[in-house]
Structures are given as C-alpha cells and as structure tokens.
Amino acid sequence: MLFGTHKIVNNQLTVGNVSYSEIGKKFKTPLYVYDQKLIEKCMKEYIEQFKSAMFKTKVLYASKAFSCLAMYELCNKHGLGVDVVSLGELYTALKAKTEPSKIYFHGNNKSIEGLTLAIESQIGCIVLDNEYELENIKKITKRLNKGINIMLRLNPGIDVHTHDYIQTANFTSKFGVSTYNDQKVFSLIKEIDREKLLIFKGVHCHIGSQIFAGNSFSKAAYTMLSFIKKINSETKIKVSELNLGGGFGIYYTEEDDPESTESIVQNLITNVEKYLTDNEIKIDSLVIEPGRSIVGNAGVSLYKIGAKKNTFGGKNYLFVNGGMSDNIRPALYQAKYECAVVNKMKAELEVRTIAGQCCESGDVLINNCQVAKSEIGDYLVVFSTGAYGYSMSSNYNRITKPGVVFVDDGKVKEVIKAQSLEDLIKNDILLGDNL
Ligand code: LLP
C-alpha cells in the first residue's frame, strides 16, 4: 500500500516528488527514506484530534520508534512532547532544544547518569518504575536540591493480541507495579507525597505495541480510572494526570486493518470523559504516547538488488544490500512487510523471498512475496520500516549503519549520515605490543 506523498510516475515510484531511483543514485544504500509531510500530517492529526473540554491533553512522541536531532525538531515544531527511555534519548532531545518540561522519562532500570541529567535539566516528569529507582531519585534530588515531578507506572493487567515480545501489561511483565498489588502502589504514592522535593503527578500505563483491538485501550483506560478512584479514597492524594501510553497499530500488510487516529483518540476521550462524569472524579490532564503510528508508514528502507538465487529446494531469492542489521523485526517478531522494485512499478510480478546479506539463514526480510521481475542493480524499497527500523539497527557482521534522509517537496535532506568504515573502528583499541 502506498502512503503519504508516494506516487507512481512513468513506472517509477516517487516520494515527495523525488524518485527513489534518483535518491538511490545520489546516496549510499541501504538508506532509510522518510516522507516528512506524512510524519507532520500524523503529528498534526494527534495534536488536533486529541482534545477535550474537560481536561488538558498532551501528545508525547515515543521517540524509541525513531529518534535523531531532526526528529525531535519536528516534535518541537508541532508542539508534541517526547517520551525518552534512556540517557541517550534524553541527551539527544535536549541537544535538539526540546523544552525540558515536555520530556517524560521512562524505563525500568534508569541509570544514575540518566536520572541526574533529567533532574538537573528539570524535565517534565520521571515515570517511576520501582522502589529502587525511587531511592535513587530521592538521593539525587537532595544532592542537587532540585525537585521533580513523578508519575508511577502501573500494570493494569490487560491481555492484548500482539506478539508476546511487545505485550507489556500481562501479569509477568517487567514494567511497572501491578494494580493487583494495590497496597504496594498506595505505599509508593504516599512515600512520593511525603518527600519535599518530589511532586506526585499521576499514573501511567502502556499495554503493548501494534495493537488493533480498540477495546483493549478502553479496558486499560477504565482499569486505570477505577484505580485512580481507589487511590483517591485510599490515600487522599490527588492524581492530576493519567498517561495511557501508546501502542496504536499500523498497516504493514493486508493482514492489518488499523483504526484511524481520529477514531482511536475520540474513543479514548469519550470513554475517559464518561467515566469521570459518572464517577464524579477529576483529572487535570490526559496523556498519550504514540510512536509507531507517527513514523511507521512514513519511512521505507531503500536497498539495491545485488544477486538472485533459485535454490534446488524451490525457494527463489532476491538478495539486497542490507537485511537484519537494518531491520531486525522480521527475525525478532516474525514481522511482515510489503516491498516494490522502484523503477519497475508496472512490471510483471514473480514470487521471490527478499533476503539480506548477513551471515544468518534467518536474515529474511520478506518471505515468498509477489515482486516485479527485476535486474541486478535495481532498487527495492521495503515499506513501513519507519518505526523500530533504524532505532533497532545494529552493526552485526560489522555492517555499517545506513543513513537517514527526509524527503519534502522535491528536497532530500540528510538527517543521519551513514556510518563510515572509520566510524566502525573508532572505539576499537589496537593492542599492538600489549597483545
Ligand atoms: N510508551 C511506552 C511506555 C512504551 O514502552 C512504548 C513502546 C510506547 C509508548 C510507544 O508504543 P508504539 O506507539 O510505538 O507502539 N520494538 C518493538 C516495539 C517495542 C515498543 C516498546 N514500547 C517493535 O518493533 O515492534
């Protein structure tokens, strides 16, 4: 499926009015290519549609999906806050001049360096995962004599239909404190509230990723709101903010049938408003953290075809000059994708398996797909790799990481340079005589 500004012009696939063949010739491939207009459209949709007359709303971009300086700049431009999950993401967001108060810091084992930078920079909120982290935060705030807002991550125990590795709210998840452990939750909240330098803001949950069943989000909202009611009556401490995380599913192949952003956010708002009215409770703000649904469909991976092989066993391959080092999702989650040969958009199709160049049989990007009959040197794109593609890439086999470009209105803007061979060895230390 073609998203955003994609068009077919004379057999050639274009994005932002530039043909992928041209981009392929100009830049080193593999290359991640983003349709800037589509990222911005998705951001605007969330900002405009996630609104309520009863409480404030905030959209945070879950930057683990794809981050770099330019990506945080786009969030700043469109008024999105950001969710960061490591010292590195926090550092990058600050370097991109993201307003600290718009940064929320997640993670189940945050480093002391990360917590220190967060508190020093006075970010918007630390999303607390456990009591050990609370001890660290207490020490750092006292040492720096600086306060910080805290939300507590809860696990509402919602079963969702997605890959096991990206479920985060089952009873054995490593994230947050279970709402079934209510006494532990109450005592953590009371402890936060007692600390002079800590301000208890509210509660957070994130039930998983690539979720289609809208009722999973409503169940999570309902569970969290009824738990807020319990916190109110048990501790008398105000819960001013509810953060429902991200996880909204997107289209990768015909098997996926995602809901529109408008319908997802309107259902969330309606459900939350109704619960608050029926139960006479109040919150000041509602937060969501979409990642994949902002960048997923806007990015593709552009490869060059280097070889073909028809095996004795009947599987016919197309080999591209990347693979699991730039997209681990098929190997890790059995994720499925669609692809196209960008300079043969109207050619006859054949069945091929798109494999990478890594020394690993599992290095398959797409199994048995219909793809144009191609020639060596043609360019191929794998669609919708914009989320968790670059951000999960590795140097496996000492393959250099690809660069990233944003395309917009005829312009191709480099936002991350491709790694060079020099980059690959720059932290290695030759032992020479010490060997
Ligand atoms: N908020 C929190 C606290 C999260 O942990 C996540 C994702 C999100 C928001 C954003 O979720 P999204 O809207 O992107 O679904 N590597 C996996 C996905 C892992 C998601 C981790 N947390 C993949 O490639 O499918």
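The values are calculated or read from the model by the stated rules, or taken from the named source; none is laboratory data. Nothing here was measured: the structure is a model prediction, and the numbers come from that model. When we count neighbours, we look across all protein chains shown, and the Cβ atoms used for this are built from the backbone with ideal geometry, even at glycine. To get the accessible areas, we keep the full protein, side chains included, count just its heavy atoms, and leave off ligands, DNA and RNA. Shrake-Rupley method; radii C 1.70, N 1.55, O 1.52, S 1.80 Å.
Screening Phe200 with (1) away from the ligand (no atom under 16 Å from the Cβ); (2) open to solvent by 40 Å² or more (accessible area, probe 1.4 Å); (3) not aliphatic (A, V, I, L, M) gives one miss only, at (2). Checked against the criterion of being among the polar types (S, T, N, Q), surrounded by 15 or more Cβ atoms within 10 Å (Cβ to Cβ) and either in contact with a helix residue (DSSP H, G or I) (Cβ under 6 Å, 6 or more places away or on another chain) or in a loop (DSSP other than H, G, I, E, B) (or both), segment 153-164 contains one or more residues that satisfy it. Filtering Val272, Val265 for residues that are within 16 Å of the ligand (Cβ to nearest atom) and not in a loop (DSSP other than H, G, I, E, B) leaves a single hit, Val265.
From the list Lys373, Lys344, pick out the single residue that is at pLDDT 95 or above, more than 30 Å from Asp408 (Cβ to Cβ) and more than 15 Å from the ligand (Cβ to nearest atom). Going through Lys373, Lys344 in turn, the sole match is Lys373. The residues listed here are Tyr337, Tyr333; of these, the one that is open to solvent by less than 20 Å² (accessible area, probe 1.4 Å), under 15 Å from Gly389 (Cβ atoms), within 16 Å of the ligand (Cβ to nearest atom) and within 30 Å of the chain's Cα centre (by Cα) is Tyr337. The residue of segment 387-435 that is farthest from Ile294 (Cα to Cα), among those that are in a loop (DSSP other than H, G, I, E, B) and β-branched (Val, Ile, Thr), is Ile429. Name the single residue that is nearest to the ligand (Cβ to nearest atom) among those in segment 305-330 being hydroxyl-bearing (Ser, Thr, Tyr) and over 22 Å from Val404 (Cα atoms). The qualifying residue nearest to the ligand (Cβ to nearest atom) is Tyr317.
Looking across segment 75-92, the residues that are open to solvent by less than 10 Å² (accessible area, probe 1.4 Å) and not in a loop (DSSP other than H, G, I, E, B) come down to Cys75, Gly81, Val82, Asp83, Val84, Leu90. Take the residues in segment 93-112 that are of a type in the set (Ser, Thr, Tyr) and farther than 30 Å from Thr172 by Cβ; name whichever of them is surrounded by the most Cβ atoms within 10 Å (Cβ to Cβ). Looking at residues that are of a type in the set (Ser, Thr, Tyr) and farther than 30 Å from Thr172 by Cβ, I get Thr98. Looking at segment 221-235, is at least one residue under 22 Å from the mean Cα position of the chain (by Cα) and either within 16 Å of the ligand (Cβ to nearest atom) or assigned to a loop (DSSP other than H, G, I, E, B) (or both)? Yes, there is a match, as at least one residue in segment 221-235 is under 22 Å from the mean Cα position of the chain (by Cα) and either within 16 Å of the ligand (Cβ to nearest atom) or assigned to a loop (DSSP other than H, G, I, E, B) (or both). Residue-level analysis places Lys142 among those that are farther than 28 Å from Ser393 by Cβ, outside any loop (DSSP other than H, G, I, E, B) and either among the acidic types (Asp, Glu) or open to solvent by 20 Å² or more (accessible area, probe 1.4 Å) (or both).
Residues of segment 351-368 that are open to solvent by 40 Å² or more (accessible area, probe 1.4 Å) and among the charged types (D, E, K, R): Glu360 alone.
Filtering segment 203-225 to residues that are in contact (Cβ under 8 Å) with a residue 40 or more places away in the chain, polar (S, T, N, Q) and open to solvent by 10 Å² or more (accessible area, probe 1.4 Å) leaves Ser209, Gln210, Ser218, Thr223. Checking the stated criteria, Ile158 turns out to be modelled with pLDDT under 95, over 19 Å from Gly107 (Cβ atoms), away from the ligand (no atom under 13 Å from the Cβ) and among the hydrophobic types (A, V, I, L, M, F, W, C).
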